[in-house]
1. What's the number of the only condition in (1) within 16 Å of ligand 2 (Cβ to nearest atom); (2) of a type outside the set (Asp, Glu); (3) under 26 Å from SER481 (Cβ atoms) that VAL225 fails to meet?
2. Among the residues in the stretch 278-298, are any open to solvent by 20 Å² or more (accessible area, probe 1.4 Å) and under 35 Å from the mean Cα position of the chain (by Cα)?
3. Can you say whether VAL153 is at pLDDT 90 or above, within 17 Å of the chain's Cα centre (by Cα), under 29 Å from ASN269 (Cβ atoms) and among the aliphatic types (A, V, I, L, M), as far as the supplied structure shows?
4. Just to verify a result, which residue in the stretch 141-164, among those that are open to solvent by less than 20 Å² (accessible area, probe 1.4 Å) and of a type in the set (S, T, N, Q), is farthest from ligand 1 (Cβ to nearest atom)?
5. Which of the following residues is more than 16 Å from ligand 2 (Cβ to nearest atom), within 36 Å of the chain's Cα centre (by Cα), among the acidic types (Asp, Glu) and surrounded by fewer than 16 Cβ atoms within 10 Å (Cβ to Cβ): ASP309, ASP260?
6. Tell me, please, whether a residue that is hydroxyl-bearing (Ser, Thr, Tyr), out of contact with any Lys or Arg (no Cβ under 7 Å at 6 or more places or on another chain), within 16 Å of ligand 1 (Cβ to nearest atom) and assigned by TED's automatic domain parsing to the domain that holds ILE206 can be found in the stretch 305-313.
7. Please identify the pairs in which a residue from the stretch 452-466 that is assigned by TED's automatic domain parsing to the domain that holds PHE422 has its Cβ atom under 6 Å from the Cβ atom of a residue that is open to solvent by less than 30 Å² (accessible area, probe 1.4 Å) and not in a loop (DSSP other than H, G, I, E, B), counting only partners at least 6 apart or on another chain.
8. If you go through the stretch 259-284 one residue at a time, how many are of a type in the set (D, E, K, R) and more than 18 Å from GLY238 (Cα to Cα)?
Amino acid sequence: MALLHIAEPGQSSEPHQHRIAIGIDLGTTHSLVATIRSGKAHVLPDQDGHVLLPSVVHYAAENTSYGYAAQKFLVHDPSNTITSVKRFMGRSQADIKFQHPYQLMGTAQDMPTFQTAAGQKTPVEISADLLKQLKYRAEQSVAQQIQGAVITVPAYFDEAQRQATRDAAQLAGLNVLRLLNEPTAAAVAYGLDQTSKLELDQNYVIYDLGGGTFDVSILRFSQGVFEVLATGGHTALGGDDLDRLIVKWLKQQLNLENIDNTSYANFINAAKQAKEALSTQTHVNIAVEEHSVELDRLTFETIIQPALDRTLHVCKRVLRDAKLELSEIKQVVLVGGSTRSYAVQDAVEKLFNQTPLCSINPDEVVAIGAAMTADQLIGNSTEQALLLDVTPLSLGLETMGGLVERIIPRNTAIPIARKQEFTTYKDGQTAMLIHVLQGERDLVEHCRSLGQFILHGIPPMTAGQARIEVTFQVDANGLLSVSAQETTSGIQANIDIKPSYGLSDADMERLLLDGYKYAEEDKHLRHLHETKMEAERELEALTQALTADAQLLNEEQLLKLQHVQQQLGTALQSDQIDNIESAVKQLKQQSDQFAALRMNRHIDHALKGTKLDDWSTPSTK
Ligand code: ADP
Ligand code: MG
């Protein structure tokens, strides 16, 4: 008979108590929060019924306002009204190459700080302020404590950008269950992880056209995991551009040449309203200042065609990067407020030759997927697939000759730990530099340095004898820690990679594209580097041998060896693989005889030594 469970007095356990976890889409223009109640996803509104929180904070000396309230200050107090702070996350001043109206403090390497009427604010603090609003909203709405949160980030976010997001969440008092890629969240919202379970590898396109950014990702669902096969996009292409195109058209219609800033702002507002109205009406009347103009869906489509074409162009490129044909895409998911426009939906449908998924509100879909994942992670859901993400770029470390040894290839499912053994290069080497890199290229200089540390105290040994085990560990949030241990002595050292600045989207894209573009060139360079390394090792060994035992050689033998040594030196300068290889071969031939001589001598010596040791103290060696 099974034993009965007895609860501690006053601690009666409620076996079916539902724990509350939330999903947050921390967007560039809008943020929002969702949760699961009775198995259903709900986006949570604020007191005024708004679901979207514009990602805007206004800092005044006395009072801070958020969202729609903060937006009102954009025109009159722009320098204290921070928008699009997501673009600054995990970046150093030097990384920030886009236009913005703010006065940033700090040196080039530092995280920038915004100078506001309420003091200096870092991007992390500003994001934390937005997250606090959403946390508060969730607490009010569920009247319970929030146990944990899943926060979404763009698939291309690197370590630093993810770390900054995580820091912001912690600062907001949230228990971060996981950072989840935005396209993955969208796929989860549509249950694509569940429907794909029974089928072999399926490919999905996530087309995300927001307010100011366009992102497209290709995901492959395989063995319970979404891999990001490729990403692409534009950091300055979104709904705002559509608004500007409408204004340009309006000005043409009305024969207006130059309009002042205030008028322009009015026109933009009117254009935005018209654009949004066209998602439910077939035509609208745009009334702005003293003008009135009719706009129908067809004309709208023509007006925004240039922007649409740019997004389609990116889609095609990303497909090429992923080495996929259009026919290999199982489904297309629409994300972002701008995909509510029929013109956008039609364009995507035409390109992919299938109706895209858009039944879930496209500006809520990411938060909903995040909430579903949070619910699974906290243990409420019966869905079994525990969704994992993958590393966006390969991680590796520097080896001799400026080469990168890949430890965790890109698109590896996380969490993951990988170990690899390394050894020393020189006799008596007591320290080793562990330099951690991210990128797809073979040479250190073409990858991005994430950090480095030195493993000290390796016991002196002959080159190649020490066993240094390096472990790379990426946790479920995509954060990396690296440790190194010399296994014979047990000494160890480690770091958590927490770079103070991040990759820009453009850099990220470049690193990926370079990986494809330079594959051939890298192969050659790697070969050259390896050949040179091998040659240098031979040279080093010969030099050491000559220092020790040159007296074993007659003059002719010595000259011969010195000659081949010199020839190899010259060949190394030439950077020609063939030259180096043939010089190495020559050198090996010549030094083999020398090695045989040395071996004989050592055996001799050892034999003698044994005898001597037997009879006297080994004072000399
Ligand atoms: P982000 O992900 O960058 O924070 P969103 O996904 O919230 O941005 O998208 C905001 C954009 O969506 C704005 O340009 C807005 O005008 C546009 N948008 C919102 N509703 C509609 C609609 N009904 N029709 C067309 N565009 C819309
Ligand atoms: Mg978005």
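The values are calculated or read from the model by the stated rules, or taken from the named source; none is laboratory data. For clarity, every value in this text was computed on a predicted model and none was experimentally measured. Because the Cβ atoms are built from the backbone with ideal geometry, glycine has one as well, and the counts that use them run over all protein chains shown. Heads up: the accessible areas ignore ligands, DNA and RNA and are worked out on the full protein's heavy atoms, side chains in. Shrake-Rupley method; radii C 1.70, N 1.55, O 1.52, S 1.80 Å.
1. With respect to (1) within 16 Å of ligand 2 (Cβ to nearest atom); (2) of a type outside the set (Asp, Glu); (3) under 26 Å from SER481 (Cβ atoms), VAL225 is out only on (1).
2. Scanning the stretch 278-298 turns up at least one residue that is open to solvent by 20 Å² or more (accessible area, probe 1.4 Å) and under 35 Å from the mean Cα position of the chain (by Cα).
3. Criteria not met by VAL153.
4. The selected residue is GLN161.
5. Selected residue: ASP309, the only one of ASP309, ASP260 that is more than 16 Å from ligand 2 (Cβ to nearest atom), within 36 Å of the chain's Cα centre (by Cα), among the acidic types (Asp, Glu) and surrounded by fewer than 16 Cβ atoms within 10 Å (Cβ to Cβ).
6. Checking the stretch 305-313: at least one residue is hydroxyl-bearing (Ser, Thr, Tyr), out of contact with any Lys or Arg (no Cβ under 7 Å at 6 or more places or on another chain), within 16 Å of ligand 1 (Cβ to nearest atom) and assigned by TED's automatic domain parsing to the domain that holds ILE206.
7. Correct list of pairs: GLN452/HIS435; PHE453/ILE434; PHE453/ALA493; LEU455/MET432; LEU455/ALA484; LEU455/ALA493; ILE458/GLU486; ALA466/GLU486.
8. So the count comes out to 1.
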